[in-house]
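Each remark here refers to the structure printed beneath this line.
The values are calculated or read from the model by the stated rules, or taken from the named source; none is laboratory data. Just so we're clear, the structure is a prediction, and the values are computed from it rather than from any experiment. Ideal geometry is used to build each Cβ from the backbone, glycine not excepted, and the neighbour counts take in all protein chains shown.
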There are 2 protein chains.
Amino acid sequence: MDRLRAGDIGERGLIELIWGLVDRQLLGEPAENPLPHPDDASALLLPGGRFLVLKTDMFVRRTDAPRGMRHYQMGRKSVVMCASDLAAKGAKPHAFMHSMGVPPSYPSGGVLDLVRGLLSACKEYGVAFLGGDLGESKDLVVAGFMVGFADRIVRRSGASPGDLLAVTGHFGETASALEILLKGRSAPPPLRRRLLRSVYQPRARVDLGVALAGTGAVTSSMDSSDGLAFTLHELARSSGVRFVIYKVPVSRAAEEFASIHGIPAEELALYGGEEYEFVLTIKPEAYDRAQAAAERCGNSLLPIGRVEEGRGVFLSDGTLERPIEAKGWEHLSCP
Amino acid sequence: MDRLRAGDIGERGLIELIWGLVDRQLLGEPAENPLPHPDDASALLLPGGRFLVLKTDMFVRRTDAPRGMRHYQMGRKSVVMCASDLAAKGAKPHAFMHSMGVPPSYPSGGVLDLVRGLLSACKEYGVAFLGGDLGESKDLVVAGFMVGFADRIVRRSGASPGDLLAVTGHFGETASALEILLKGRSAPPPLRRRLLRSVYQPRARVDLGVALAGTGAVTSSMDSSDGLAFTLHELARSSGVRFVIYKVPVSRAAEEFASIHGIPAEELALYGGEEYEFVLTIKPEAYDRAQAAAERCGNSLLPIGRVEEGRGVFLSDGTLERPIEAKGWEHLSCP
């Protein structure tokens, strides 16, 4: 096994092998370890009962920057990636650091623009910038580290049969944008601009995540950056339940793009990625309270299905159910 | 300026340009920002008066692993780098995360050995392992992120005239090891092994740093990973004082190596790097208390000089003083 190349095992396989090496002693007592692997962030219980929530995510220019993405946008995205995961767990982002690797031949203006973007996102989300480390590497690499605080955290694993399943937005724009960037598909200029904005300028729903967690109505939550289908599967699996979806939340722009090219819009919505919405399960009796909290943030929850006993994720048309595949983006996959 | 390559500006120059972009608002109130740039780690004041101390450091195989370093040792070092900086600030390391970039063609066994080393160091220092992110990059890259807690933190900037200057060990072994690895110099096998161990298996003086800070005797402190001379200059500059050194603390092994090759041992001790000792200034009336704390950790403080009014770092033979150059290792430097 050790002789295989990383790419033969893939990102998720390698992560599981790594966790297989971890001595449980290194995770602290269960009481101190409120967001265990494979949750989206980690947490430490502080004296007084608050949680420190921690997240790291790495942005590598060569693999993570879609063609045409500007340095400023890369910097913003490296903050968005962390902030979204913290907010999905109910934590208010507080401070950001980074380790950055830069090739010696890299234009310094690009590095500084990246930092300008990163600082702009920190300011937008009310996050203190603490600096970090700068070194030399072959790629432009930004490893972001964010910490936040939460009075109440939301795990991947809390969904129960009877809960409602909801999302915080519509999907399919990033997948459409990648069809434009990677496959050269066309779109009328205003549509093209809108779709490309989804990959170049993602936003984290920070206030919304914190407000929803604060209601106590949310039983499980995850950000959808790995793609809607994959996220649904992860939530269902972590909670040991079955999701029945009665409506795939497709964005209007993705529908328009899909109809131009005669491709299924639901596929774009389900099997994309890098969309920073939340997928949540909510106690039915508290749904209105969660919806009211979302509206106070200028958002709204879209109910898309229900939680049942069982396993897997299914799309129902009212009569027939068909399974939704657990596909999603994976790093380190050899074709 | 923006058109220059990163390597033309260098690591420290680029860091200063980055901090020039930072809006002071992004650093929080001064009261919340107890370890401002350019200190070795960052800190947040928690309710109740404790400090959360945070550090990130990036290990890139191509530039940071000396020839012959094993993956297990790389993993250990990526933990040591962070733990040493936290301890130099008086913080007890508590939890570690990493973002790791792996080339798809990289042998998975190497990645897993690196993780084994990293976990072994976490265990040794009593640090919880929280996992992190895994992605794809051209280099093997480990961005470590460590948080710790402190009741009292020690800055770079607290030295006053009259304080004593001390270190926690002898220097010059890593510089000697690099003479062997990079310049092909020879040494008898037992000496060679000892010198190479200094670069392959560095250790962080975690308990010692926490114990020294706990005495309240330490007025400023920094780990010596950037080299002894550079560290002395940074401490003196941050505190706005002058250091007079009356003894360069050269390790016996480095002296032996220097005498074999007819090179000045003091140069090896002053201008090396990656040695994880502490350089500290100590209130003279509390020196014995600090020494007793060090001895309880199985260490001892070596007094090497004194703090005076003025600027710069000087070596004194009792009569004459000569300046010590502010040389040290720098990433991203084009020759």
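Computed values, structure above
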| read-out | value |
| --- | --- |
| Residues that are more than 17 Å from B:PRO202 (Cα to Cα) and in a helix (DSSP H, G or I), drawn from the stretch B:269-294 | B:LEU270, B:PRO284, B:GLU285, B:ALA286, B:TYR287, B:ASP288, B:ARG289, B:ALA290, B:GLN291, B:ALA292, B:ALA293, B:ALA294 |
| Residue in the stretch B:118-132 that is among the aromatic types (Phe, Trp, Tyr) and not in a helix (DSSP H, G or I) present | yes |
| Selection status of A:GLY169, at pLDDT 95 or above and in contact with a strand residue (DSSP E or B) (Cβ under 6 Å, 6 or more places away or on another chain) | no |
| Qualifying residue in the stretch B:53-65 (condition: surrounded by fewer than 18 Cβ atoms within 10 Å (Cβ to Cβ), farther than 22 Å from A:SER42 by Cβ and either in contact with a strand residue (DSSP E or B) (Cβ under 9 Å, 6 or more places away or on another chain) or among the β-branched types (Val, Ile, Thr) (or both)) | yes |
| Candidates B:ALA95, B:ALA83 - the one that is touching a Lys or Arg at 6+ places or on another chain (Cβ under 9 Å) and among the aliphatic types (A, V, I, L, M) | B:ALA83 |
| Filter result (part of a helix (DSSP H, G or I), in contact (Cβ under 8 Å) with a residue 40 or more places away in the chain and within 7 Å of another protein chain (Cβ to nearest Cβ)) within the stretch B:88-111 | B:VAL111 |
| Pick from the stretch A:242-265, criterion of a type outside the set (A, V, I, L, M) and within 15 Å of A:LEU178 (Cβ to Cβ), ranking: nearest to the chain's Cα centre (by Cα) | A:SER251 |
| Pick from the stretch A:25-45, criterion at pLDDT 90 or above and facing another protein chain (nearest Cβ under 7 Å), ranking: farthest from the chain's Cα centre (by Cα) | A:LEU44 |
| Single residue of the stretch A:137-179 satisfying the filter (within 30 Å of A:GLU285 (Cβ to Cβ) and aromatic (Phe, Trp, Tyr)) that is nearest to the other protein chains (Cβ to nearest Cβ) | A:PHE149 |
| Scope the stretch A:1-20; condition at pLDDT 90 or above, basic (Lys, Arg) and assigned to a loop (DSSP other than H, G, I, E, B); matching residues | none |
| Selection count, the stretch A:211-233, where residues are in a helix (DSSP H, G or I) and buried (at least 23 other Cβ atoms within 10 Å of the Cβ) | 7 |
| Filtered residue count, the stretch A:167-180, keeping only those that are touching a Gly at 6+ places or on another chain (Cβ under 7 Å) and either free of Cβ contacts under 8 Å to residues at least 12 places away in the same chain or in a helix (DSSP H, G or I) (or both) | 2 |
| Matching option when the condition is without any contact (Cβ under 8 Å) to a residue 12 or more places away in the chain, within 26 Å of A:VAL53 (Cα to Cα) and of a type in the set (D, E, K, R), among B:GLU136, B:GLU124 | B:GLU124 |
| Flag if B:PRO202 is surrounded by fewer than 24 Cβ atoms within 10 Å (Cβ to Cβ) and either within 14 Å of chain A (Cβ to nearest Cβ) or more than 29 Å from B:MET100 (Cβ to Cβ) (or both) | no |
| Subset of the stretch A:313-335 (residues that are modelled with pLDDT of 95 or more and within 20 Å of the chain's Cα centre (by Cα)) | A:VAL313, A:ILE324 |
| In the stretch B:112-129, residue surrounded by the most Cβ atoms within 10 Å (Cβ to Cβ) [restricted to those that are over 20 Å from the mean Cα position of the chain (by Cα) and facing chain A (nearest Cβ under 7 Å)] | B:PHE129 |
| Residue in the stretch B:66-85 that is within 7 Å of chain A (Cβ to nearest Cβ) and under 16 Å from the mean Cα position of the chain (by Cα) present | no |
| Residue in the stretch A:279-286 that is closer than 29 Å to A:VAL60 by Cβ and β-branched (Val, Ile, Thr) present | yes |
| Test: residue in the stretch A:263-284 that is surrounded by fewer than 17 Cβ atoms within 10 Å (Cβ to Cβ), touching a residue at least 60 places away in the same chain (Cβ under 8 Å) and closer than 18 Å to A:ALA159 by Cβ | yes |
| Search result, residues across the stretch A:297-318 that are surrounded by fewer than 19 Cβ atoms within 10 Å (Cβ to Cβ) and in a loop (DSSP other than H, G, I, E, B) | A:CYS297, A:GLY298, A:SER300, A:GLU309, A:GLY310, A:ARG311, A:ASP317, A:GLY318 |
| Residue list for the stretch A:213-270, filter: basic (Lys, Arg) and in contact with a strand residue (DSSP E or B) (Cβ under 6 Å, 6 or more places away or on another chain) | A:ARG242, A:LYS247 |
| Lone unmet requirement of (1) of a type outside the set (A, V, I, L, M); (2) surrounded by 24 or more Cβ atoms within 10 Å (Cβ to Cβ); (3) in contact with a Ser or Thr (Cβ under 6 Å, 6 or more places away or on another chain) for A:ASP139 | (2) |
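Listed here are the residues, each with its yes/no results for (1) assigned by TED's automatic domain parsing to the domain that holds A:TYR200; (2) part of a loop (DSSP other than H, G, I, E, B); (3) of a type in the set (Gly, Ala, Ser); (4) surrounded by fewer than 24 Cβ atoms within 10 Å (Cβ to Cβ).
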position: A:PRO47; (1), (2), (3), (4): no, yes, no, yes
position: A:ARG67; (1), (2), (3), (4): no, yes, no, yes
position: A:GLN73; (1), (2), (3), (4): no, no, no, yes
position: A:ARG76; (1), (2), (3), (4): no, no, no, no
position: A:ARG155; (1), (2), (3), (4): no, yes, no, yes
